[in-house]
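One structure is given here, and the rest of the page talks about it.
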Amino acid sequence: MSSNIEAAGSDVFGIESQLSETRLFPPSPAFSGQAHIGSMEQYRTEHARSINDPEGFWGEIAKELHWFKPWDKVLEWDAPDAKWFTGGTTNLSYNCLDRQVKAGRGADTAIIWEGEPVDGANGPEVRHISYAELLEETCKCANALKSLGVAKGDIVTVYMPMVPELAIAMLACARIGAAHSVIFGGFAASAIVDRVVDAKSKVVITADGGWRRGSIVPLKDNVDAACAQTDLVEHVLVVKRTAQDITWDAKRDHWWHDAVDKASDDCPCEEMDSEDLAFVLYTSGTTGKPKGIMHTTGGYMVHTYLTSKLTFDLHSSEPGTPPKQIYWCTADIGWVTGHSYIVYGIMPNCVPTVMYEGAPNFPDSGRFWDMVERHKVTQFYTAPTAIRAFMKWGDEWPQKHDLSSLTVLGTVGEPINPEAWMWYHKMIGAESCPIVDTWWQTETGGQMITPLPGATPTKPGSCTLPFFGVDAAIVNEHGEEMPANTGGLLAIRKPWPGMLRGILGDRERFIETYWSTIRTKEGEPYYKAGDGARRDDDGYFWVMGRIDDVMNISGHRIGTMELESALVSHSAVVEAAVVGVPHEIKGTGIAAFCTLAPGVTADSALRDTLRTHVAKEIGPFAKPDMLRFTDALPKTRSGKIMRRLLKDIASGAEKTGDTTTLEDYSVLAKLKESDEG
Ligand code: PRX
């Protein structure tokens, strides 16, 4: 594993760069010649303008989209509160759908959807959904939601598989001014309860099930289990996807095909104030409770539109003609990547967006490459964890397929190790596709630091340079910029359009988490991303990973506290400590240390029980990779668990770091002897 992954989560201050990466991959003249941003000179000029005159820059971009009423002011900034395009009214659903239909693109493809099951010679189910069809379905769904009592300002919870109805549900909420809170289908019932209660959702949209690696994910059962723990939910709208038997509450549950199909297809868009809430997306933080990150309408729309256009170099075809490009992001819409780069940023660019329901290795490990070949995908966006899995599965899978349609490759979610970058470059990109390694977060709404494929020479493992309007820096805790090649905190100095506007119901946590620690010389707060990073001599950013108690497991964010709470909620466990350890495929794996209640037998059956318990409490993706039982956890004299030490032990390090503050040295010896799981 590369040095930047191993450094994830460590104290990064003062560490000299270990990186010796000198390979540089400039874009080809042919690519640059047709790109929106075709040279570094153009990048630098535009970037300088976007920083010196953000209002002029973003105002010009926003005019490329539809507004019912133009804004009075592009930006009002009273740190940490930003308001973008104030006084302006618009609608995300309008900009994704109506704008295209009105421009004569009604019959053009908006979504190419592919289901997971493969039916012998017939192959998988594929649907090409046009903007006009999508608009019609969205209007019907919007009217169905209204008839269930959903009104502007409500938050609708969406817990669905990757089916077209998921995008339709989101666009329908946006249309009528309801915010959505999409929960990843891999989360368990208790995660749904927490989020439904926090968002006060009265309506939940789900499906009977979803296909994943040939099995059914019991989504409706999970919603039922969640509803049993709260009486908030009045209506559940259910898409029939897998058609297995499910329990049904006739008063609460409604089939989508009844409620939506019979609804009117006429539903004008709500005129949304630019700063009206667009959606909430929960993400893990350092405490046990996930935070509902709030994004508003206008700024988020403009940010995701422009980043999509420039980072992937999207070019729409003339209305009514076949698409020049087919874009595919493999993320699940349950995470921010899917929100911004399957739906909201891509559709306003009028390039078809591929949506795939299932796993990358079903029915075999060539599924993604088979899809790239069949759909002639031009832009492909995935995560390092997937790339590492593909490397492990073997070169023969991509080699069986014609991948020559590809022009741009993207990666997101965690640091990419140079080995994986090179494999992606050679094996998937045939050494001719620029790779865009995009750094951003749920909180930033859209991409922040990324190459532009026609301009930026790339280096394997670096997300390169800030996007337009992004003033990023590496600083210490006093806000002083770190010299080149010295680690520090990744921080953002000025507001950007897609930035979070808060944490739902928790102003204090919003300020404390992101804005309280670091200040500029002038006393302005920096946005603290929670990542450690360094810049090299060319000003390129190298992100090392989280520096807080948040782990990045296969690109999925999860807090150590959430995991520890899940473990101690089992009666066998008295105390638990969780740390991240380097993992070949996942980037970071989960190592858990538990002390047990008196009389409980520490055996492998209990280990399995606890793993299943975590899957039930949080979701299967959160199962610990390693679980050790111990008599005591190493603590400082003031009672703090020494995670650093546990990390060393779990990673099998020869030497454990500084132990001078350890309260009881015998704990350390016992831990080292403890049985591995
Ligand atoms: O640690 C960084 C890592 O993912 C975190 C954000 O996670 P999340 O909010 O779930 O959003 C993921 C998708 C945008 C960041 O704090 N991260 C994301 N992209 C990169 C990355 N680390 C290194 N390189 C990246 N390109």
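Listed values, structure above:
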read-out: Potential lengthening between ALA597 and LYS392 on full extension [0.36 nm per residue; Cα-Cα distance subtracted]; value: 69.8 nm
read-out: Amide H contacts of ILE326 (H built 1.01 Å from N, under 5 Å, at least 5 apart or other chain); value: THR378, GLN379
read-out: Order of HIS295, HIS303 under a 10 Å beta carbon neighbour criterion, fewest first; value: HIS295, HIS303
read-out: Zone residues, region 228-247, relative to LYS262, backbone N less than 17 Å from point 7 Å out along Cα-to-Cβ; value: 236-240
read-out: Sequence of THR450, THR595, THR612, THR109 once ranked by neighbouring C-beta atoms within 10 Å, starting from the fewest; value: THR612, THR595, THR109, THR450
read-out: Vicinal HN-Hα couplings computed from phi for region 315-320 (Karplus, 6.51 cos²θ - 1.76 cosθ + 1.60; Hz; Gly/Pro x); value: 10, 7, 8, 4, x, x
read-out: Likely footprinting exposure, TRP496, TRP113, fewest C-beta neighbours within 10 Å first; value: TRP113, TRP496
read-out: Among CYS141, VAL74, GLY120 - extreme Cα towards positive end, dipole of region 71-162, charges at beta-carbon; value: VAL74
read-out: Where no second cysteine Cβ lies under 4.7 Å, the cysteines concerned in the chain; value: CYS96, CYS141, CYS173, CYS227, CYS269, CYS329, CYS350, CYS433, CYS463, CYS594
read-out: Lysines with Cα under 29 Å of LYS251, excluding same-chain neighbours fewer than 8 positions away; value: LYS140, LYS146, LYS152, LYS200, LYS202, LYS220, LYS240, LYS262, LYS616
read-out: DSSP beta bridge pairing in the chain, given as percent antiparallel to the nearest 5; value: 60 percent
read-out: Three-way shape label, region 68-120, alpha-carbon gyration tensor, a/c 1.5; value: oblate
read-out: Region 87-239: C-alpha gyration tensor shape, a/c 1.5 cut-off, then a/b vs b/c; value: oblate
read-out: Length released on extending from GLU481 to ASP548, taking residue separation times 0.36 nm less the Cα-Cα span; value: 22.1 nm
read-out: Region 298-438 - charge dipole about Cα centre, Lys and Arg +1 at Cβ, Asp and Glu -1, debye rounded to 20; value: 180 debye
read-out: Dipole magnitude of region 132-199, debye to nearest 20 (Cβ charges: Lys/Arg +1, Asp/Glu -1, about Cα centre); value: 160 debye
read-out: Descending Cα extents along the principal axes, the chain, whole Å; value: 74, 63, 55
read-out: Residue-span extension gain [ALA121 to ASP81] - 0.36 nm each, minus C-alpha spacing; value: 8.8 nm
read-out: Charge dipole (debye, nearest 20) of the chain; +1 at Cβ of Lys and Arg, -1 at Cβ of Asp and Glu; value: 80 debye
read-out: GLU116 long-range amide H proximity, modeled H, under 5 Å; value: GLU357, GLY358
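Taken together, the values in this text are just the output of simple stated rules run on the coordinates, not laboratory data. In this text the structure is predicted, and so the values were computed from the model without any measurement. Neighbour counts run over all protein chains shown; Cβ positions are idealised from the backbone, glycine included.
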